[in-house]
Amino acid sequence: MRLTPLRRDDRAIEGLPIRLVIALVVGVASLSVMMNMISGIGGLAVTEVDAQPTPDVITPGEQTVDIRVVDSDGTPVEGATVVVKGASARLDGIETASTGENGTAEIEIDPSLGPNQAEGTLEIDIKPPAGSEYADQRANTVILVVEE
């Protein structure tokens, strides 16, 4: 077998495989840096907040519920928005309020239960203050609505 015809082959680009390897290595390194930057953005919100409704068991009908928003250390969170909406109990619409200096929001609600329904729940969501280190990613305490 003669190797001289392969040396004279002008169809291939000299050094192409090494250029592909270099491009692949640089591409993977760049992608790795970008992924680290993106995952670092989520790290800004590090403290979980939770809701503490008072009372946490109520009856159907119009009433006021105080909802205290605290961080994982139990410190009140000022400026959070508390959202109460119906889950298995019904509410006409969605009720919202903002927390004050003591971390408490006062919300007027009028829950109701369906026919032959002895109990239900109202869901509480918390929107942390804008630009804060707080996040609300886990489920919060619910308000239990029971028939008298």
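The values are calculated or read from the model by the stated rules, or taken from the named source; none is laboratory data. Just so you know, these numbers come straight off a predicted model, no measurement behind them. Cβ coordinates were reconstructed from backbone atoms using ideal geometry, including for glycine residues, and neighbour counts include every protein chain displayed. Side chains included, ligands, DNA and RNA excluded: accessible areas come from the protein's heavy atoms. Shrake-Rupley method; radii C 1.70, N 1.55, O 1.52, S 1.80 Å.
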From 22, 18, 58, grab the single residue that is of a type outside the set (Asp, Glu) and closer than 19 Å to residue 140 by Cα. 58
Please work out which one of (1) loosely packed, with under 13 Cβ neighbours inside 10 Å; (2) touching a Gly at 6+ places or on another chain (Cβ under 9 Å); (3) in contact (Cβ under 8 Å) with a residue 40 or more places away in the chain is the condition residue 108 fails and give its number. (2)
Tell me yes or no: at least one residue of the stretch 114-130 is more than 16 Å from residue 50 (Cα to Cα), in contact with a Lys or Arg (Cβ under 7 Å, 6 or more places away or on another chain) and not in a loop (DSSP other than H, G, I, E, B). no
When both residues are 6+ apart or on different chains and their Cβ atoms are under 8 Å apart, which pairs have a first residue that lies in the stretch 112-128 and is under 16 Å from residue 94 (Cα atoms) and open to solvent by less than 40 Å² (accessible area, probe 1.4 Å), and a second that is hydroxyl-bearing (Ser, Thr, Tyr) and not in a loop (DSSP other than H, G, I, E, B)? 126/81
Note: among 146, 84, just one is surrounded by 18 or more Cβ atoms within 10 Å (Cβ to Cβ), within 18 Å of residue 56 (Cβ to Cβ) and among the hydrophobic types (A, V, I, L, M, F, W, C), namely 84
Residue under question is residue 99, and the condition is that it be among the hydroxyl-bearing types (Ser, Thr, Tyr) and crowded, with 16+ Cβ neighbours inside 10 Å; does it hold? yes
Residue tally, condition at pLDDT 85 or above, polar (S, T, N, Q) and touching a strand residue (DSSP E or B) at 6+ places or on another chain (Cβ under 6 Å), over the stretch 16-68: 3
